[in-house]
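Trainee: I have a structure I would like to understand better, so I am pasting it below and will then ask my questions one at a time.
The values are calculated or read from the model by the stated rules, or taken from the named source; none is laboratory data. Values in this document were obtained by computation on a predicted structure and should not be read as measured data. Using ideal geometry, Cβ is built from the backbone for each residue, glycine included, and neighbour counts are taken over all protein chains shown.
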Amino acid sequence: MKQETRSRGSAHASGMESGPQWHPDPSSWPLVAVSWLLVGIPLLWGIYETFDRAKILLFGD
Amino acid sequence: MAELLSKERIIARPGFNRWLVPPAALAIHLCIGMAYGFSVFWKPLGGALIDAEGKAVPACAAGATTFAEKASGTLKALAATDCNWTQFDLGWMYTLFFVLLGCAAAIWGGWLERAGPRKAGLVSAVCWCGGLLISALGVYWHQLWLMWLGSGVIGGVGLGLGYISPVSTLVKWFPDRRGMATGMAIMGFGGGAMIGSPFATLLMSHFKTPTDPGVWQTFVTMAAVYFVFMLGGAFGYRVPPPGWRPEGFRLPASTVGNTMITMHHVHLKDAHKTPQFWLLWLVLCLNTSAGIGIIGAASPMLQETFGGQLFDRPEVDFGQFTAADRVAAAAVGAGFVGLISLFNIFGRIGWASFSDKLGRKPTYVTFLLLGAVLYALAPMAARGDHLALFVGSFCIIASMYGGGFSTIPAYLADLFGTQFVGAIHGRLLTAWSAAGILGPVVVNYIHDTHVARGIAPEHLYDSTFYILAGMMVIGFVCNLLVRPVADRYFMTAAELEAERRLSHETGNPK
């Protein structure tokens, strides 16, 4: 039966093999900001609503 | 259409900004996270059927006290159209959610790795939102089985696929901050109910009439809104080319030579053959069981333990509450649930990010050791009437419950490599399904047994806390036993290459 090497030093089986590297395109940052706003605004609203409910325990009536 | 969804199609072009991926993942997780908030529908649904005088008709399980009687009532409620549903009948939806979530993630995780996150995100959207629409029909026709099938079963499959859809992708985009990246997405699942519950309340108050609580209309509206968001998330996913790294990225000094962070990959079919998989399964199951049990019982636990102290009448025990006291205590209990939810979601991003610095194993050592200490101290805090200490302890526990979920994908990526991390994570989520049954059973069974024995309300949870502390200690030992995966489980270069071809990771960027 053919035995294959499974050593930790096997370069091609490594997750850290050399691959492409790049900096993000500067023009992509406005889209990043819009994406985060689209999910961030509902999330902040939810956190505010929850905090509003929790206030009674933290600060009383 | 098939090409639009294919994995080759979503391999990122050079210059793509990786910070676009977490919001796409959040968009999906914030929608499916509403599963936690479904209890907002229980009360309106419990009184959905009214008689000619405008009063709610009796429940199908009216007068049931034992488990068998309640279960029999639920069987009757499944297809009956002339009696109302109880919280017991509807509560099975939670069991279905988390059992189906774990099963779907385990079954289809391997498919997801090859089909890509966009296809998985789309299927998740169709299942979750389609399930809500079927539930709307169930409410409209007053058919409980349709509710269970729609949101519970079909929606549960959507939960599983949606939950794991971004894991592998995020880990590959953020090799320098695996914990933070997956923490951001999984924070969304914790935050979904925070948005969904008040949103559903707003919609129900908009749609309700004197004869209709407005639930089915709310389901339809939420399905439409969630579908748009989830589609946006699915189409926002991009996968990096194999071996991609951020410009200038170098392995941190702490990583080089760290055998707990592998540079290799274990195949999905081999992962469950390793002891590490089962040790982490136990760690997740025990940490989650303890957390779910307590979070599910947080409000009554606080009220029973502290009684009138919650509203400046310390001389009044829980058993002596008047109707007005109950209202005041319930408001404080709801506040406690809210506070726990906040710690749960901030724990998800906070602990997962912290694990990037501290390491995954030490982070779990912290969860399990500190958790054991806090559970063991809880009866003392209750006996000494230290409300702030009690609340503070459970807030920290809630943060570590959330942190346990969000740190596990990075722990798996460290041990098993990134090639199959999403699918391996999917299989590990069966621990969550088991915990969804184990945790509430332990807490509720002991509680009900103690109530039947006539134990004072302030001591109802003492032995529960000690048992949960014991579970954390077992989890702590399991975590200590986790060692690097043996070399024989890693894929060879040829196997990895073949897998990447199957996974369409060698296509041209579009």
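Trainee: Which residues, counting only those in the stretch B:72-87, are closer than 15 Å to B:K43 by Cα and buried (at least 17 other Cβ atoms within 10 Å of the Cβ)?
Mentor: B:C83, B:N84, B:W85, B:T86
Trainee: Is the stretch A:9-20 home to any residue that is touching a helix residue (DSSP H, G or I) at 6+ places or on another chain (Cβ under 8 Å) and at pLDDT 65 or above?
Mentor: no
Trainee: Among the residues of the stretch A:29-58, write down those that are over 30 Å from B:Q309 (Cβ atoms), within 7 Å of chain B (Cβ to nearest Cβ) and more than 17 Å from the chain's Cα centre (by Cα).
Mentor: Selection gives A:P42, A:W45.
Trainee: Additional query: Could you tell me whether B:A328 is within 14 Å of chain A (Cβ to nearest Cβ), touching a Phe, Trp or Tyr at 6+ places or on another chain (Cβ under 6 Å) and closer than 24 Å to B:F367 by Cα?
Mentor: Considered against the rule, which asks whether it is within 14 Å of chain A (Cβ to nearest Cβ), touching a Phe, Trp or Tyr at 6+ places or on another chain (Cβ under 6 Å) and closer than 24 Å to B:F367 by Cα, B:A328 comes out as no.
Trainee: While we're looking at this one, here's another question. I need the full set of residues from the stretch B:439-484 which are acidic (D, E) and without any contact (Cβ under 8 Å) to a residue 40 or more places away in the chain, in order please.
Mentor: Within the stretch B:439-484, B:D448 is the sole residue that qualifies.
Trainee: Listed residues B:A200, B:A185, B:A193, B:A104; which is small (G, A, S) and surrounded by fewer than 24 Cβ atoms within 10 Å (Cβ to Cβ)?
Mentor: B:A200
Trainee: Yes or no: the stretch B:405-412 includes at least one residue that is of a type in the set (F, W, Y) and within 26 Å of B:F306 (Cα to Cα).
Mentor: no
Trainee: If I filter the stretch B:482-497 for residues that are in contact with a Phe, Trp or Tyr (Cβ under 7 Å, 6 or more places away or on another chain), within 24 Å of B:G291 (Cα to Cα) and either away from chain A (no Cβ under 14 Å) or at pLDDT 95 or above (or both), do I get at least one hit?
Mentor: Checked against the condition, which is being in contact with a Phe, Trp or Tyr (Cβ under 7 Å, 6 or more places away or on another chain), within 24 Å of B:G291 (Cα to Cα) and either away from chain A (no Cβ under 14 Å) or at pLDDT 95 or above (or both), the stretch B:482-497 yields no hits at all.
Trainee: How many residues does the stretch B:14-52 hold that are among the charged types (D, E, K, R), farther than 22 Å from A:L38 by Cβ and within 11 Å of chain A (Cβ to nearest Cβ)?
Mentor: 0
Trainee: Run down B:H447, B:H459 and say which single residue is surrounded by fewer than 24 Cβ atoms within 10 Å (Cβ to Cβ), within 28 Å of the chain's Cα centre (by Cα) and away from chain A (no Cβ under 14 Å).
Mentor: From the options B:H447, B:H459, the qualifying one is B:H447.
Trainee: Hey, among the residues in the stretch B:186-223 that are in contact with a Ser or Thr (Cβ under 6 Å, 6 or more places away or on another chain) and in contact (Cβ under 8 Å) with a residue 24 or more places away in the chain, which one's nearest to A:T50 (Cα to Cα)?
Mentor: Within the stretch B:186-223, the match that is nearest to A:T50 (Cα to Cα) is B:M194.
Trainee: Mind checking whether some residue in the stretch B:303-326 is of a type outside the set (K, R), under 21 Å from A:E49 (Cβ atoms) and assigned to a helix (DSSP H, G or I)?
Mentor: Checked the stretch B:303-326: no residue is of a type outside the set (K, R), under 21 Å from A:E49 (Cβ atoms) and assigned to a helix (DSSP H, G or I).
Trainee: Hey, among B:G138, B:G192, B:G160, B:G155, which residue is touching a Leu at 6+ places or on another chain (Cβ under 8 Å), within 14 Å of chain A (Cβ to nearest Cβ) and not aliphatic (A, V, I, L, M)?
Mentor: B:G192
Trainee: Quick one: which of B:S289, B:S299 is hydroxyl-bearing (S, T, Y), in contact with a helix residue (DSSP H, G or I) (Cβ under 6 Å, 6 or more places away or on another chain) and farther than 30 Å from B:V421 by Cα?
Mentor: It is B:S299.
Trainee: Return a yes/no flag: does the stretch B:252-267 have any residue that is touching a residue at least 12 places away in the same chain (Cβ under 8 Å), within 20 Å of B:L428 (Cβ to Cβ) and outside any loop (DSSP other than H, G, I, E, B).
Mentor: Yes; the residues of the stretch B:252-267 include at least one that is touching a residue at least 12 places away in the same chain (Cβ under 8 Å), within 20 Å of B:L428 (Cβ to Cβ) and outside any loop (DSSP other than H, G, I, E, B).
Trainee: If I ask for residues that are in contact with a helix residue (DSSP H, G or I) (Cβ under 6 Å, 6 or more places away or on another chain) and within 14 Å of chain A (Cβ to nearest Cβ), which ones from the stretch B:343-366 would you list?
Mentor: B:F343, B:N344, B:I345, B:G347, B:R348, B:I349
Trainee: Kindly evaluate B:I186 against the criterion of being of a type outside the set (S, T, N, Q), within 28 Å of B:F343 (Cβ to Cβ) and touching a His at 6+ places or on another chain (Cβ under 8 Å).
Mentor: Spelling it out, B:I186 is indeed of a type outside the set (S, T, N, Q), within 28 Å of B:F343 (Cβ to Cβ) and touching a His at 6+ places or on another chain (Cβ under 8 Å).
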